[in-house]
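Note sheet for the following structure.
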Amino acid sequence: MEISITRTKTPKQKPKAGEKLPFGHIFTDHMFLMDYNEGRGWHDARVVPFSDITLSPAAMVFHYGQEMFEGLKAYRGKNGEAYLFRPDMNAKRANNSNERLCIPTIPVEDFVQAVKTIVDVDRDWIPSDEGTSLYIRPFIIATDAHLGVHPSSSYIFCIILSPSGAYYESGLQPVGIWVEDEYVRAVRGGIGYAKTGGNYVASLKAQQKAYDSGYSQVLWLDGVERKYIEEVGAMNICFKINGKIVTPAINGSILPGITRDSILRLCRDFGYETEERKISIDELIDAQDNGTLEEVFGTGTAAVVSPVGKLRYKDRVMTIGDGKIGELTQRLYDTLTGIQWGKIDDPYGWRVTV
Ligand code: PLP
Ligand code: COI
């Protein structure tokens with residue numbers, strides 16, 4: 001794919017080393033854009049200065065939410081290298097979302113090339129402080145100016161970049177999670193497995209409830225029986241129960257996380273038995289009662305490996321492992337980030353140099 005590059009004449013001030021970086025508030029000098037029109041396909045791939053986008057108020061994305069997004073990161077190696085982590089997996093998942101949302105797919109190699117190109121142009125924006133990275137947000141929006149409900153015939157694919165610190169204020173400190181028993185996020189047959197705004201807006205009400213009660217995120221139960229564990233607002237969830245690693249199976253209503261997949265692989269290579277299956281909230285409560293619920297952690301690009309110290313379900317509050325980070329959770333965090341930051345060998349071929 002041919003990508004034209006127009007550099008900004010007014011570069012912005014970059015955050016300074018040592019400055020605390022929030023998650024997703026600061027944006028770099030450039031963005032990637034590509035247009036789609038029916039009959040012409042994807043065209044005009046370009047890197048341009050970061051700017052606002054002008055759309056008709058009738059653009060379909062505003063009314064019916066036809067859009068998808070992805071999330072990955074670029075990491076700075078100790079000699080200034082720029083690394084990506086399994087970007088082909090994001091490209092494939094983007095197309096699974098596109099298929100579900102009637103958005104035209106993008107060839108995997110074009111998606112990866114677009115990510116590499118924009119990261120290369122803004123590579124000086126990749127922060128170097130411990131625990132920081134350049135968060136990459138590719139997204140597609142439907143741009144036809146029409147109020148009828150049908151798939152759009154035109155789209156914009158855009159990639160923006162944000163130098164970011166930890167997703168949770170608390171960093172690697174264990175987070176408190178609210179198990180939601182009133183609202184649901186997704187059902188099988190719906191759009192739960194796609195990465196699209198609708199899943200996140202559906203989560204806001206419960207997340208507000210959780211925040212108001214002092215919890216960081218919501219753990220969703222299945223939308224039908226409200227009994228089986230699904231995933232957390234911005235991460236998948238994993239349990240260490242009686243020495244085994246257990247996580248909800250990919251069932252159509254949760255996001256197939258790339259971090260989840262990588263962590264399961266690491267766990268197996270550490271010698272743990274892993275199970276991807278249904279887990280009921282009652283099973284967790286029983287495991288907590290009989291002392292076999294050893295560790296709980298979330299996995300995600302933004303959240304990395306995030307220890308869970310407390311789970312609240314109805315009027316029950318479960319404290320996990322004295323509220324401290326578990327040994328395996330710490331080992332997984334160190335190994336995953338070691339591979340991502342180029343500090344240790346990558347026997348899996350996950351790290352991609354830009
Ligand atoms: N589940 C949800 C709802 C998410 O938003 C994310 C974040 O991307 C994940 C899981 C984890 O996915 P990944 O590890 O691919 O970032
Ligand atoms: C990610 O981890 O990349 C996500 O998309 C989570 C996000 C909703 C902040």
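Summary of computed values
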| item | result |
| --- | --- |
| Residue selected from the stretch 13-67 under the condition polar (S, T, N, Q) and surrounded by 17 or more Cβ atoms within 10 Å (Cβ to Cβ), by the criterion nearest to Gly198 (Cα to Cα) | Gln66 |
| Residues located in the stretch 204-254, provided they are within 18 Å of Arg316 (Cβ to Cβ) and acidic (Asp, Glu) | none |
| Options Leu55, Leu101: the member that is of a type in the set (A, V, I, L, M) and in contact with a helix residue (DSSP H, G or I) (Cβ under 8 Å, 6 or more places away or on another chain) | Leu55 |
| Scope the stretch 233-254; condition near ligand 1 (Cβ under 10 Å from one of its atoms) and at pLDDT 95 or above; matching residues | Met235, Asn236, Ile237, Ile254 |
| Lone qualifier among Thr117, Thr105, Thr132 - being polar (S, T, N, Q), within 17 Å of Lys14 (Cβ to Cβ) and either at pLDDT 95 or above or surrounded by 17 or more Cβ atoms within 10 Å (Cβ to Cβ) (or both) | Thr132 |
| Subset of the stretch 219-230 (residues that are part of a strand (DSSP E or B) and away from ligand 2 (no atom under 16 Å from the Cβ)) | Leu221, Tyr228, Ile229 |
| Filter result for the condition that a residue is modelled with pLDDT of 95 or more, basic (Lys, Arg) and surrounded by fewer than 16 Cβ atoms within 10 Å (Cβ to Cβ), over Arg268, Arg260, Arg312 | Arg268 |
| Pair list, Cβ < 6 Å and 6+ apart or interchain, from the stretch 200-216 residues that are without any contact (Cβ under 8 Å) to a residue 60 or more places away in the chain to residues that are among the hydroxyl-bearing types (Ser, Thr, Tyr) | Lys205/Tyr183; Ala206/Tyr183; Ser216/Tyr168 |
| Which numbered condition Gly233 fails, given (1) within 12 Å of ligand 2 (Cβ to nearest atom); (2) in contact with a Leu (Cβ under 7 Å, 6 or more places away or on another chain); (3) of a type outside the set (D, E, K, R) | (2) |
| Counted residues, the stretch 199-214 - those being away from ligand 2 (no atom under 13 Å from the Cβ), surrounded by fewer than 21 Cβ atoms within 10 Å (Cβ to Cβ) and of a type outside the set (Lys, Arg) | 5 |
| Pick from the stretch 163-198, criterion in contact with a Pro (Cβ under 9 Å, 6 or more places away or on another chain) and part of a strand (DSSP E or B), ranking: nearest to Pro248 (Cα to Cα) | Val175 |
| Pairs with Cβ under 9 Å, 6+ apart, first in the stretch 154-169 and closer than 9 Å to Ile141 by Cα, second of a type in the set (Lys, Arg) and modelled with pLDDT of 95 or more | Cys158/Arg137 |
| Any hit, the stretch 273-290, residues being within 15 Å of ligand 2 (Cβ to nearest atom) and part of a strand (DSSP E or B) | no |
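The values are calculated or read from the model by the stated rules, or taken from the named source; none is laboratory data. Quick caveat: nothing in here was measured; it's all calculated off a predicted structure. Heads up, the Cβs are rebuilt from the backbone with ideal geometry, glycines too, and the neighbour counts pull from every protein chain shown.
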